[in-house]
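K.L.:
Have a look at this one before I ask anything.
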Amino acid sequence: MVPVRTCVACRERAARTELLRVVVHEGRLVVDDRAVLPGRGAWVHPTVHCLDRAVARGSLLRALRVSGKPDVSPLENRLKKLMDN
């Protein structure tokens with residue numbers, strides 16, 4: 001049995017291995033590769049489209065229950081690295 005999660009941007013269900021877990025760590029959005037960092041996590045597809053949609057609509061911050069505007073640059077850098085490979 002494969003764990004299934006829902007992308008906060010497109011609301012599609014996918015296997016946990018196909019999504020990135022994002023948490024807020026020291027006011028910055030961080031990718032949790034091993035899904036072990038403490039705190040509330042949100043799942044998103046590793047695509048620019050889903051990341052942009054989640055940030056623009058506020059669904060990522062709503063899922064993480066964060067107010068304000070955390071730094072998204074570490075998450076964007078991570079997606080660039082994934083897309084280059």
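The values are calculated or read from the model by the stated rules, or taken from the named source; none is laboratory data. The model shown is predicted, which means the values in this text are computed figures rather than measured ones. Don't worry about glycine lacking a Cβ; one is built from the backbone with ideal geometry, like all the others, and counts go over all protein chains shown. With ligands, DNA and RNA removed, areas are computed over all heavy atoms of the protein, side chains included. Shrake-Rupley method; radii C 1.70, N 1.55, O 1.52, S 1.80 Å.
K.L.:
Go through VAL66, VAL48, VAL36 for me and flag whichever is of a type in the set (A, V, I, L, M) and free of Cβ contacts under 8 Å to residues at least 12 places away in the same chain.
P.N.:
Answer to the check: VAL36.
K.L.:
Now, a different point. Residue under question is SER59, and the condition is that it be of a type in the set (Ser, Thr, Tyr) and open to solvent by less than 30 Å² (accessible area, probe 1.4 Å); does it hold?
P.N.:
Here the answer is yes, as SER59 does meet what is asked.
K.L.:
Which of the residues that make up the range 8-18 are more than 18 Å from VAL66 (Cβ to Cβ) and either in contact (Cβ under 8 Å) with a residue 60 or more places away in the chain or in contact with a strand residue (DSSP E or B) (Cβ under 8 Å, 6 or more places away or on another chain) (or both)?
P.N.:
Matches in the range 8-18: GLU12, ARG13, ALA14, ALA15, ARG16.
K.L.:
Could you tell me how many of the residues in the range 31-78 are assigned to a helix (DSSP H, G or I), touching a strand residue (DSSP E or B) at 6+ places or on another chain (Cβ under 8 Å) and of a type in the set (A, V, I, L, M)?
P.N.:
Matching residues across the range 31-78 total 6.
K.L.:
How about the range 9-20: which of its residues are at pLDDT 95 or above and in a strand (DSSP E or B)?
P.N.:
ARG13, ALA14, ALA15
K.L.:
Among the residues of the range 2-18, how many are open to solvent by 100 Å² or more (accessible area, probe 1.4 Å) and of a type in the set (D, E, K, R)?
P.N.:
The total comes to 4.
K.L.:
Of all residues in the range 19-51, how many are farther than 17 Å from PRO70 by Cα, among the aliphatic types (A, V, I, L, M) and surrounded by 17 or more Cβ atoms within 10 Å (Cβ to Cβ)?
P.N.:
2
K.L.:
Consider the range 9-67. How many of its residues are of a type in the set (Asp, Glu) and either under 13 Å from the mean Cα position of the chain (by Cα) or closer than 17 Å to LEU82 by Cα (or both)?
P.N.:
Summing the residues that are of a type in the set (Asp, Glu) and either under 13 Å from the mean Cα position of the chain (by Cα) or closer than 17 Å to LEU82 by Cα (or both) in the range 9-67 gives 4.
Residues are listed down the side, and each one gets a yes or a no for (1) more than 15 Å from ARG78 (Cβ to Cβ); (2) among the basic types (Lys, Arg):
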position: MET1; (1), (2): yes, no
position: GLU12; (1), (2): yes, no
position: ARG16; (1), (2): yes, yes
position: ARG21; (1), (2): no, yes
position: VAL30; (1), (2): no, no
position: ASP33; (1), (2): no, no
position: ARG40; (1), (2): yes, yes
position: VAL44; (1), (2): no, no
position: VAL48; (1), (2): no, no
